[in-house]
Amino acid sequence: DGRFWDVVERGDVAALAAELAVDPGLSLGEVLPALSSWRRQESVRSAVDGWRYRVVWKPVTERSAAGVSGGCWAVVVPGGEAEGAWATGVVRMLAGRGVDVRVVESNAADRAGVAGELRTAVGDASVTGVVSLLAVGEGDGESGLLRTAALVQALGDVGVGAPLWVATRGAVSVGRSDGVVRPGQALVWGLGRVAALELPERWGGLVDLPESVDERALGRLAGVLAGVGVGAGGSGEDQVAVRASGVFGRRLVRAAGSRMSGDEGWRASGSVLVTGGTGALGAHVARWLVANGAEHVVLTSRRGPEAPGAAELCDELAASGARVTVAACDVADRDALA
């Protein structure tokens, strides 16, 4: 209620009338129902605000790398990239700490093939930890996503229960100056969060690496690996980003409250694609988009124009001044979507 009492304290009749959506010249008796309605709406907004969260990145205390010493670690790299900058850097960093490093050059894309490569490279050694660099060099991330999924499965098939750390580059942005997130790399993080929930006993974490390799970045990576993550029974971070300015951990915080009614907030513009657009929820979203500035809405669904109510929805949105395109499309089919 802070903004309401701020307006009252300032004696700003125009602002108060705008907030309550009433004529400034109304009497107190006429204002009271509007005030009561406003109060109820604010209670609803307050409840909804309590459901809203967002992700932020916070600097975390860098851990000592002493925990990464000795034992046997498997470093999984795409075939032909064992001499790449990050692969050689990670191997050198681990070997310098007395680790028996087994490099697994993976050319397979299926779990059985990856399992065979792991058996060949690791043999009978007792594995202490696994670092996957399968996604680090990926441009679009799709191949890295599929290979990482196969690796997670294959490790279980060969009985390796050591914590798995999956590395990416550009999957997350820790701040406005950190650059644009690569959607393909972000896919790998989605997979990693699922793996952390389903396989906590053998999950280490996700670590997003900086673009360039240097000793400071490798030292920070060693500190992250020493934390053993939280999913594998450790007490460290399991979703981190290594940057030139330090190590950042992913945090979930409450989102800011609703904007004042006088603030327009986000508005749509141009063309907006709504998948599942002819369903009940899609139709509701389409109406909201048109009411908030969308000039053209593209509604896709499996049945498209043949979906029940699609024609009526199209007429309704067109009557509001928007251009409407309804298409039958399976969004999982890239060729059809294109």
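The values are calculated or read from the model by the stated rules, or taken from the named source; none is laboratory data. Predicted model only: the values in this text are computed from it and were never measured. Cβ atoms come from the backbone with ideal geometry, glycine included; neighbour counts cover every protein chain shown. Side chains are part of the model used for accessible areas, which takes the heavy atoms of the whole protein and leaves out ligands, DNA and RNA. Shrake-Rupley method; radii C 1.70, N 1.55, O 1.52, S 1.80 Å.
Descriptive notes on the structure:
Matching residues to (1) touching a Cys at 6+ places or on another chain (Cβ under 8 Å); (2) among the aliphatic types (A, V, I, L, M); (3) surrounded by fewer than 16 Cβ atoms within 10 Å (Cβ to Cβ):
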position: Arg111; (1), (2), (3): no, no, no
position: Leu118; (1), (2), (3): no, yes, no
position: Val122; (1), (2), (3): yes, yes, no
position: Arg147; (1), (2), (3): no, no, no
position: Pro163; (1), (2), (3): no, no, no
position: Asp178; (1), (2), (3): no, no, no
position: Val181; (1), (2), (3): no, yes, yes
position: Gln185; (1), (2), (3): no, no, no
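- Residues that are outside any helix (DSSP H, G or I) and among the β-branched types (Val, Ile, Thr) were ranked within the stretch 270-290; the one that is surrounded by the fewest Cβ atoms within 10 Å (Cβ to Cβ) is Thr275.
- Among the residues making up the stretch 149-192, those that are under 20 Å from Gly79 (Cβ atoms), under 17 Å from the mean Cα position of the chain (by Cα) and β-branched (Val, Ile, Thr) are Val166, Thr168, Val188.
- If you check Val104, Val114 for being closer than 30 Å to Val242 by Cα and either of a type in the set (S, T, N, Q) or outside any helix (DSSP H, G or I) (or both), only one passes: Val104.
- In the stretch 37-45 there is no residue matching the filter, namely being assigned to a loop (DSSP other than H, G, I, E, B), within 30 Å of Arg254 (Cα to Cα), touching a residue at least 24 places away in the same chain (Cβ under 8 Å) and out of contact with any Asp or Glu (no Cβ under 9 Å at 6 or more places or on another chain).
- Unique match (being assigned to a strand (DSSP E or B) and touching a strand residue (DSSP E or B) at 6+ places or on another chain (Cβ under 8 Å)) among Val55, Val90: Val55
- Residue within the stretch 8-18 that is over 41 Å from the mean Cα position of the chain (by Cα), open to solvent by 60 Å² or more (accessible area, probe 1.4 Å), among the basic types (Lys, Arg) and modelled with pLDDT of 75 or more present: yes
- The C-beta contact set for the stretch 214-227 (first residue surrounded by fewer than 18 Cβ atoms within 10 Å (Cβ to Cβ), second residue among the aliphatic types (A, V, I, L, M), distance under 9 angstrom, 6+ apart or interchain) comprises Asp214/Ala244; Glu215/Met93; Arg216/Ala244; Gly219/Ala65; Gly219/Met93.
- For Glu312: the one exception among (1) surrounded by fewer than 18 Cβ atoms within 10 Å (Cβ to Cβ); (2) touching a residue at least 24 places away in the same chain (Cβ under 8 Å): (2)
- Inspection of the stretch 131-138 identifies at least one residue that is open to solvent by 30 Å² or more (accessible area, probe 1.4 Å) and either in a strand (DSSP E or B) or within 22 Å of Gln185 (Cα to Cα) (or both).
- Selected residue [small (Gly, Ala, Ser), touching a strand residue (DSSP E or B) at 6+ places or on another chain (Cβ under 9 Å) and in contact (Cβ under 8 Å) with a residue 40 or more places away in the chain] from Gly304, Gly270, Gly277: Gly277
- If the condition is being part of a helix (DSSP H, G or I) and either open to solvent by less than 70 Å² (accessible area, probe 1.4 Å) or within 19 Å of Arg251 (Cβ to Cβ) (or both), then the stretch 195-213 contributes Ala195, Ala196, Leu197, Pro200, Arg202.
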